[in-house]
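Below: one structure, written as structure tokens.
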Amino acid sequence: RESEERYRLSTEYIPLHLGAIDQNGTFILWNKYSEKMLGYTADEVIGTLSPHAIHESEEEAKEVIRIASASGIFDKEINFVHKNKNLVPVHLVVVPKKNENGEITGFYGFAEDITARKKSEEAMRKSEMKYHSMIKHASDAIVSLDNEGIIIGFNRKAEETFGYSQDEIAGKSITLLSPPESRKHQEKLLEEFRTTNKLYILGKTIEGKGLRKDGQEFPFEGSSFVIEINGAKM
């Protein structure tokens, strides 16, 4: 009895959707979190509701079962449909339920509500798009490098200033944009940054010489700064 009570509590109140269907395709298990996530009570679901009701289409529900049957697991991010018809993004895992003979008698489904994560990803995507747009249309030449000194970004003003298109210059060393006599000093600075993550010129306005694609040198005034993306500084 104690074991059954622990099982009941763990399935009822686990912070994940937990459902199960029998071989007839109707629900036989629907926990408390499922009610919160999808709006249906257990009484509305168990013995009456088909998985088709919480999927975007009957075809998708059948495909989930087909994949789980064939490979032993369905593991993918999809949308569920709330009782109020709103979409709920979830990470769904479905596995077959088998008897002692190894025959499939139903399926267990576990789903995590990933709405908050999806909103965060969308906010980051929009922020990144805004950032790239600002860089692209900035009135100053902006050249982005990785920590090896390889050019990974080249805005429109940089294209006008140096005479290279972004496609031409991407993947090349930043030293290509400096006169030959300045390149050893640049390489020394890059090595310093790679080994110490520090650079004395960061945040300071400096004067120097640039080299255009046509070989013409020109004076410039600029500054450098570091950003961090996925733990890598550049």
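If amide H atoms are built 1.01 Å from N in the plane of the peptide, which residues on other chains or at least 5 residues away come under 5 Å of the amide H of HIS55?
Close amide H contacts, sequence-distant or interchain: VAL81.
Ratio of Rg to Rh for segment 84-133, alpha carbon only, Kirkwood?
Across segment 84-133, the Cα-based Rg/Rh ratio is 1.32.
If you project the alpha carbons of segment 171-231 onto the principal axes, what extent comes out on each, in Å, largest first?
Principal-axis extents of the Cα atoms in segment 171-231, largest first: 37, 24, 20 Å.
In nm, to one decimal, how far is the ILE201 label point from the ASN147 one, both placed 7 Å along Cα→Cβ?
That separation, rounded to one decimal, is 2.0 nm.
Ignoring everything but the protein chains, give the 1.4 Å probe accessible area of MET37 in square angstrom, nearest 10.
Rounded to the nearest 10, that gives 10 Å².
Calculate, in nm to one decimal, what PHE220 and ALA170 gain on full extension: separation in residues at 0.36 nm each, minus their alpha carbon distance.
Details: separation 50, 0.36 × 50 = 18.00 nm, distance 2.10 nm.
This chain segment gains 15.9 nm when fully extended.
Taking chymotrypsin sites (Phe, Trp or Tyr not before Pro) as exposed when DSSP calls them loop (any state but H, G, I, E, B) and at most 12 other Cβ atoms lie within 10 Å, what is the longest stretch of the chain free of them, the sites themselves excluded? Kindly include the intermediate steps, with their values, before the conclusion.
Working: sites that count: TYR200, PHE225.
Formally, the longest exposed-site-free interval is 1-199.
Relative contact order of the chain: what whole-number percent is it, with Cα pairs under 8 angstrom and at least 6 residues apart? Could the numbers behind the result be given before it?
Details: 370 pairs, mean separation 26.0, N = 234.
Worked out over the chain, it gives 11 percent.
For a quick check: with amide H placed at 1.01 Å from N, whose amide H comes under 5 Å from LEU29's, ignoring anything fewer than 5 positions away on the same chain?
ALA20
Quick one: length gained pulling GLU100 to ARG125 fully straight, 0.36 nm per residue minus the C-alpha distance? Don't skip to the end; give the middle numbers.
Details: separation 25, 0.36 × 25 = 9.00 nm, distance 4.86 nm.
Between GLU100 and ARG125, full extension yields an extra 4.1 nm.
Per-residue HN-Hα couplings for segment 80-86, Karplus 6.51 cos²θ - 1.76 cosθ + 1.60 at θ = phi - 60°, whole Hz, x for Gly and Pro?
For segment 80-86, the Karplus-derived couplings read 8, 10, 5, 4, 7, 6, 6 Hz, x marking Gly and Pro.
If one puts a single equal scatterer on every Cα of the chain and applies the Debye formula without solvent, what log₁₀ I(q)/I(0) results at q = 0.11, 0.14, 0.15 Å⁻¹?
Values returned for q = 0.11, 0.14, 0.15 Å⁻¹ are -0.70, -0.86, -0.94.
Can you compute the radius of gyration and Dmax for segment 127-214, using only the Cα atoms, both in Å?
Gyration radius and largest Cα-Cα distance of segment 127-214: 13.4, 40 Å.
The values are calculated or read from the model by the stated rules, or taken from the named source; none is laboratory data. These numbers were taken from a predicted model, which means no experiment stands behind them. All Cβ positions, even for glycine, are placed from backbone atoms using ideal geometry, and neighbour counts span all protein chains on display. Only protein heavy atoms, including side chains, enter the accessible area calculation; ligands, DNA and RNA are left aside. Shrake-Rupley method; radii C 1.70, N 1.55, O 1.52, S 1.80 Å.
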